[in-house]
Amino acid sequence: MTAVATNQLLDRVRDRLSQSSTDPTPATVAAAIRAEAGGVLGDSDMLATLRLLQTELTGVGPLDPLLSDPATADVLVTGPDAVWVDRGRGLQRSDVTFADDAAVRRLAQRLALSAGRRLDDAQPWVDGRLPGVGNTDFGVRLHAVLAPIAHGGTCLSLRVLRPATQGLAALVSSGAIPRDAHELLLRIVSARLAFLVVGGTGAGKTTLLAALLAQVDRGERIVCVEDAAELAPQHPHVVRLVARAPNIEGVGEVTVRDLVRQALRMRPDRIVVGEVRGAEVVDLLTALNTGHDGGAGTVHANSPEEVPARLEALAALGGMDRAALHSQLAAAVQVVLHVHRRADGSRRLVEIGLVRQNAHGFVNIEPAWRPDCDAPAASALTVLLDRRSAL
């Protein structure tokens, strides 16, 4: 068969399969090919067409080998012949290609449907979660944008959600936590200081947070609230609440803010927000100021100094003004932990900051520990730890 004839056949088969309410199986795909080919396909053409459609219509299509790799963290498609993969050493171009942008678009739309979302010209972007995809029980976070919003063609971003279960000792052994910071981190957890882990994308914030939560006293109850399930601390009493986006009809949404409020009613010893990224910062700070010591969360920020401004912007979404935010922050959070991802892909704790309120009522983050150099707030953190440990 010619390429044109083959493409026309594939389009007819896709149309036939799209009319079914069930997911395609090898048997239904083969039956659709026979029906649309009208008996003119030979055995070799039949097998080739079946393999092509199985790859395109099941799982994550041509991206399956990349997402099945245990080392893969992200797969990014920016064009039919531009598929990138991050295996912890930065982005690398893969050998995977698509026939054309229409093939990328079809995959993005099918994955959106699997996530219970809508993706079409009227709704040209989608954010969702794909359970049972990739080499992890946690699934894959999906984001896609269609052309012409994405100028060069359909853009597809897939992040593998792996449980953050590495222990503190393993992070010390790998060099992610310098040995002189290890004991300080243990004291911060034991003294029930509230802390935020900050850093850029992929810096290891969730990994460090999970490792620290594993050090919490076994008699305490931890309630974790997340937008996407990633935290899996090695602790015997963890309750995990995961937000839910609205379904394809636009109903059923459960926000992180909703869940933080529910967490308050669940007799928590420590409340943890996996990633503070919106108005839920208001409820988290309120919770930490109502007797729930030792809470924690992560925040996207490039340095500890940027944290107050970042939280100001998030608090504004919840109707909290700047002065109120700084007042709440000073009372609720004591420590900021900054992690950084290096050019070679390695991650490392680079600073422990102390939350201090100045004479004008605004919060500053002062260095209390840095590797191989002096930190002006080191003695103040020691005094705070000694005082809290004595309670």
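Before anything else, pin down the relative contact order of the chain: Cα pairs under 8 Å, at least 6 apart, normalised by residue count, whole percent. Don't skip to the end; give the middle numbers.
Numbers: 743 pairs, mean separation 45.8, N = 391.
So the answer I get is 12 percent.
Could you work out which residue, out of Q334, Q123, Q166, moves most in a Gaussian network model of the chain, that is, has the largest mean-square fluctuation with Cα springs under 10 Å?
In this elastic network of the chain, the residue with the biggest mean-square fluctuation among Q334, Q123, Q166 is Q123.
Can you list the HN-Hα couplings for the range 308-318, worked out from phi with the Karplus curve (6.51, -1.76, 1.60; θ = phi - 60°), rounded to whole Hz and with x for Gly and Pro?
After applying 6.51 cos²θ - 1.76 cosθ + 1.60, I find x, 5, 4, 5, 4, 5, 5, 5, 4, 5, x Hz.
Viscosity 1.567 mPa s, temperature 4 °C: what is the translational diffusion coefficient of the range 269-363 from Stokes-Einstein with a Kirkwood Rh over Cα pairs, rounded to a whole number of µm²/s? Intermediate results must be reported in sequence, preceding the final value.
On the way: Rh = 13.9 Å.
It diffuses with D of about 93 µm²/s by this estimate.
List every residue whose amide H lies under 5 Å from the amide H of T154, counting only residues 5 or more places away in sequence or on a different chain, with H placed 1.01 Å from N in the peptide plane.
It is A147, by chain and number.
Give the distance, in whole Å, between the Cα centre of the range 260-321 and the Cα centre of the range 322-339.
Taking the Cα centre of the range 322-339 as reference, the centre of the range 260-321 is 9 Å away.
Per residue of the range 125-131, in order, report the coupling 6.51 cos²θ - 1.76 cosθ + 1.60 (Karplus, θ = phi - 60°) as ³J(HN,Hα) in whole Hz, putting x for Gly and Pro.
Per residue, the Karplus-derived 3J(HN,Hα) values read 9, 8, 9, x, 10, 10, x Hz.
Can you compute the modelled spin-label distance between Q234 and L113, with each label point 7 Å from Cα toward Cβ, in nm?
4.3
With no solvent and one point per C-alpha, what does the Debye sum give as log10 I(q)/I(0) for the chain at q = 0.11 Å⁻¹?
So the normalised log intensities are -0.85.
For the range 295-391, which trypsin sites (Lys or Arg not before Pro) are in a loop by DSSP, counting at most 16 other Cβ atoms within 10 Å? Walk me through the intermediate numbers first.
Values: sites: R310, R322, R341, R342, R347, R348, R356, R387, R388; in loops: R342.
Here the trypsin sites (Lys or Arg not before Pro) that fit, given the DSSP loop and packing criteria, are R342.
For the range 237-312, just say rounded, prolate or oblate: build the C-alpha gyration tensor, square-root its eigenvalues into a ≥ b ≥ c, call rounded for a/c under 1.5, and beyond that prolate if a/b exceeds b/c, oblate if not.
oblate
State the answer as a single residue: which of V172, L186, I149 lies farthest towards the positive end of the charge dipole of the range 80-190, with beta carbon charges of +1 for Lys and Arg and -1 for Asp and Glu, about the Cα centre.
So the residue we want is L186.
On full extension of the chain, what length is gained from Q357 through T97, given 0.36 nm per residue of separation minus the C-alpha to C-alpha distance? Spell out each step's value before the answer.
Values: separation 260, 0.36 × 260 = 93.60 nm, distance 5.38 nm.
Additional length available on full extension: 88.2 nm.
With r defined as the distance between the Cβ atoms of R12 and A316 and R0 fixed at 51 Å, what FRET efficiency is calculated, to the nearest 0.05?
Numbers: r = 53 Å, r/R0 = 1.04.
Using R0 = 51 Å, I get an efficiency of 0.45.
Residues with amide H under 5 Å of R129's amide H, sequence separation 5 or more or different chain, H placed in the peptide plane at 1.01 Å from N; which?
Amide H neighbours of R129, under 5 Å, 5+ apart: L142.
When you count, for each residue, the other Cβ atoms within 10 Å and take the mean per peptide, how do 286-296, 200-210 rank with the highest first? Before the final figure, lay out the partial values.
Numbers: 286-296: 18.9, 200-210: 21.5.
The densest-packed peptide leads the list: 200-210, 286-296.
Test of understanding: what is the full-extension gain from V383 to D293, defined as 0.36 nm times their sequence separation minus their Cα-Cα distance?
Working: separation 90, 0.36 × 90 = 32.40 nm, distance 1.76 nm.
Full extension from V383 to D293 adds 30.6 nm.
What residue among A359, A316, A263 shows peak mean-square fluctuation when the chain is described by a Gaussian network model with Cα springs under 10 Å?
Maximum fluctuation in the GNM of the chain, among the listed residues, is at A359.
Would you kindly derive the ³J(HN,Hα) couplings of the range 271-282 from the backbone phi angles with the Karplus curve 6.51 cos²θ - 1.76 cosθ + 1.60 (θ = phi - 60°), listing them in order in whole Hz, with x for Gly and Pro?
Taking θ as phi minus 60°, the curve returns 9, 10, 10, x, 8, 7, 9, x, 5, 4, 4, 4 Hz for the range 271-282.
Read-outs: derived from the displayed coordinates by stated rules, not from any lab. Note that the structure is predicted; figures quoted are calculated from it, not measured. As a convention, Cβ positions derive from the backbone with ideal geometry for all residues, glycine included, and neighbour counts pool all protein chains shown.
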